[in-house]
1. If I ask for residues that are touching a Leu at 6+ places or on another chain (Cβ under 8 Å) and among the small types (Gly, Ala, Ser), which ones from the range 119-159 would you list?
2. In the range 196-225, what residues are small (Gly, Ala, Ser) and under 12 Å from THR297 (Cα atoms)?
3. For ASP234, only one of the following conditions fails: (1) under 18 Å from ALA327 (Cβ atoms); (2) surrounded by fewer than 17 Cβ atoms within 10 Å (Cβ to Cβ); (3) among the charged types (D, E, K, R). What is its number?
4. Which of (1) within 16 Å of the chain's Cα centre (by Cα); (2) buried (at least 20 other Cβ atoms within 10 Å of the Cβ) is the odd one out, the single condition ALA111 does not satisfy?
5. For the range 72-94, what are the residues that are outside any loop (DSSP other than H, G, I, E, B) and aliphatic (A, V, I, L, M)?
6. Taking only pairs six or more apart or across chains, which ones have beta-carbon atoms under 9 Å, a first residue in the range 128-141 that is in contact (Cβ under 8 Å) with a residue 60 or more places away in the chain and assigned by TED's automatic domain parsing to the domain that holds THR158, and a second residue that is surrounded by 18 or more Cβ atoms within 10 Å (Cβ to Cβ) and charged (D, E, K, R)?
7. Collect the residues in the range 300-327 that are touching a residue at least 24 places away in the same chain (Cβ under 8 Å), out of contact with any helix residue (DSSP H, G or I) (no Cβ under 7 Å at 6 or more places or on another chain) and closer than 30 Å to SER18 by Cα, keeping them in residue-number order.
8. Anything in the range 40-61 that is over 15 Å from LEU4 (Cα atoms) and free of Cβ contacts under 8 Å to residues at least 24 places away in the same chain? List them, or say none.
Amino acid sequence: MKRLYLDIGSTNIKSMVSREGESGEVRRTPFPAPAVADGFLYEVEAEEILARVIPIVRGSACDEVYISTQMHGYLLADDKRNLLTRYISWQDKRAEKFGVGIAVGAESGTAMKPNLPRAGVETIRRLQPGLYERAAEFFTLGSYLAFVLTGNNATHITDAAASGYYNVKERSAAVCDLKLPQALYEVCPVGMCGRSAVYAPMGDQQCAVLGAGGDENTLILNLGTAAQMCAIADGFASGNFESRPYFNGKTLCTVTGLSGGKRLNTLGSDARAVFALADEYKAAMRRLPQKKNFLVTGGAYSYHRALLERALGIAGADYTVNEGADALAGLKILSEVANG
């Protein structure tokens, strides 16, 4: 069995081909630069994303394709599935710019925030009614890749819920003007690309947590371009955090908006920056269920090690580090489980 693991990150698109019992070389391709980035709007040409991703998939000649993807991004298409927008990234904050808010409960698996896709779509409805009237179908980035590869607008709930259109507890989708992606709750194929079975794209945070070795006894600080602190709970759980869906019906209790690599690049290393970061971590820890262990993972750790060591020490986190693990490692675990 030959498998392709593909992680669509915000900085790089990482891929690895694996055969039974062995792992191949990890390859990196830069994620496309935005076509629009003005501090609020952040859009990427979909064709440029496809030009990087599709050759990797088709050139791999694999039996199975597993994808993890950046969440909270979306595209709109007309009733013939022709795109009406660029890829509107998780870094897009048009809802904040124009003061648009949407009521979303804990069962949505997300929260109202500047980059919530459902709020972004509502902003388009109000400010670009002509475009919205033509819109018939909503895609996440994951479901759009699945559609291009297989013809099916489908994705895993770990990706779908980030849109704000789903109830993860009831396993239902919102009634709205747009056709939404089919949200799958199992790690299973959505269709075929040639002879390759393409599995439902999954959220990159959830895959990274799994790949790092996160378990129910551990707080996990995931440091990528963005950062989150999270804890795994059995079944559906709610509290002062986002109740993001995880695997096997579990919840990834998540505090978002923490300083990841993009923000850490702008911080100094003086005492003020260190203590501000420590306060950020302490506040996040208070919002999550108490756990025995603390795990730090993600590529940003190696670039900001000294700053993070000082801040985590002040925050009182007795932590271990697994900086080498990533979403690809999580995808590999999921593929092994899916194949028994």
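1. ALA135, ALA136, ALA154 - these are the residues of the range 119-159 that are touching a Leu at 6+ places or on another chain (Cβ under 8 Å) and among the small types (Gly, Ala, Ser).
2. Quick first cut of the range 196-225, residues small (Gly, Ala, Ser) only: 196-197, 200, 203, 208, 211-214, 224.
Residues satisfying the conditions are ALA208, GLY211, ALA212, GLY213, GLY214, GLY224.
3. (1)
4. Condition (2) is where ALA111 drops out.
5. So in the range 72-94, the residues outside any loop (DSSP other than H, G, I, E, B) come out as 74-77, 83, 87-88, 94.
LEU75, LEU76, ALA77, LEU83, ILE88, listed by residue number.
6. Matching pairs, first to second residue: THR140/ASP159; LEU141/ASP159.
7. THR320
8. Within the range 40-61, the first condition is being over 15 Å from LEU4 (Cα atoms), and the residues that meet it are 40-51.
Scanning the range 40-61 gives GLU47, GLU48, ALA51.
The values are calculated or read from the model by the stated rules, or taken from the named source; none is laboratory data. Note that this is a predicted model, so its numbers are computed, not measured. Methodologically, a virtual Cβ is constructed for each residue, glycine included, from the backbone with ideal geometry; neighbour enumeration extends over all protein chains shown.
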